[in-house]
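The values are calculated or read from the model by the stated rules, or taken from the named source; none is laboratory data. Nothing here was measured: the structure is a model prediction, and the numbers come from that model. All Cβ positions, even for glycine, are placed from backbone atoms using ideal geometry, and neighbour counts span all protein chains on display.
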Amino acid sequence: MTSDARHSAPSRGRHVTVSGVRLHYLDLENTGGESANPPIVLIPGITSPAITWEFVGQRLAAFARVMILDNRGRGLSSGGAELGYSLEDYAHDAAGLIEQLGLENAVVLGHSMGGRVGFKLAALRPDLVGSLIAADPPVTGPGRRPYPIPLQWYLDGIDAASRGDKEDTSSPILKNWSADQLALRAEWLPSCDKTAIAASHASFHDEDIHSLLPAIRCRSLLIYAENGNTVDEDDAKEIIATINDCQAVRIDGVGHMIPWDDLDGFVTAVRGFVEN
């Protein structure tokens, strides 16, 4: 696993069952000593099993307990065509995790698809979300511009990893990944259920997140990438203006996978919000 040894936090794989769906998550204890900071529930994106975010969780664990969720259809969580993969399904899973662990005032941190899930969760279950961080969430939806990454890119990547083919690193998404990170991705990408990926990608275009934003009452932060081609300046202004209590931080010189390009900048933004 790729991490900074100065901030190493051992992770433990655990499971909960929510409405019959087995959900796996990584649990990283706070390594910073006594802390009044609330726990962080990290919800990754469309093809990011929890283990691929462990190096980020280790850094965040310097100031908070961190739980990294394997979304249904990824990693060691349940998958299959019999499950639903709507925003409500994912939000229900995250809500069940928070409830079963008895987490209070949780910080929900979602990246990409996970940011959209965070919006849904905060709108539906305000009692469970102490504060919300959405990192480069797709702002797509009915009547909006399409998501810039085609579905086939994800499916081809899963197939290539399943065959053991070498990763095509020509994509700007992967250009700054280390050899260890690419190896970890190749190991775990086949765990992503293609039915789940296709349904989630379709939801980027079919489900409206902007109608959820006025219902979000918790303190919120939008983190967006200068070169992510996902959230632009106008999108950021719209989100800030629509959520009751929201601020934004743009991280310059990075692409959509922000922590892979600038881990320090990402952690600084999260910590500044959590400890403010």
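Scanning the range 240-257 for residues that are in a loop (DSSP other than H, G, I, E, B) and over 17 Å from the mean Cα position of the chain (by Cα) yields ILE243, ASN244, ASP245, ASP252, GLY253. Restricting attention to the range 215-236, the residues that are in a loop (DSSP other than H, G, I, E, B), polar (S, T, N, Q) and in contact with an Asp or Glu (Cβ under 8 Å, 6 or more places away or on another chain) add up to 1.
Each row is one residue, and each column tells you yes or no for (1) of a type in the set (Val, Ile, Thr); (2) buried (at least 21 other Cβ atoms within 10 Å of the Cβ); (3) closer than 26 Å to ALA61 by Cα.
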residue	(1), (2), (3)
SER203	no, yes, no
SER211	no, no, no
LEU222	no, yes, yes
GLY265	no, no, yes
PHE273	no, no, yes
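Every condition in (1) within 28 Å of ARG145 (Cα to Cα); (2) modelled with pLDDT of 95 or more; (3) surrounded by 17 or more Cβ atoms within 10 Å (Cβ to Cβ) is met by ASP252 except one, and the failing one is (3). In the range 25-44, the residues that are at positive phi never reach a residue that is among the aromatic types (Phe, Trp, Tyr) and at pLDDT below 95 with C-beta atoms less than 7 angstrom apart, at least six apart or across chains. If the condition is being over 20 Å from LEU121 (Cβ atoms) and touching a Pro at 6+ places or on another chain (Cβ under 7 Å), then the range 218-240 contributes only ASN229. Checked against (1) more than 17 Å from SER112 (Cβ to Cβ); (2) without any contact (Cβ under 8 Å) to a residue 24 or more places away in the chain; (3) not β-branched (Val, Ile, Thr), ALA236 passes all but a single condition, namely (1). The set of residues in the range 201-218 being closer than 17 Å to ASP136 by Cα and out of contact with any Lys or Arg (no Cβ under 9 Å at 6 or more places or on another chain) consists of HIS201, LEU213.
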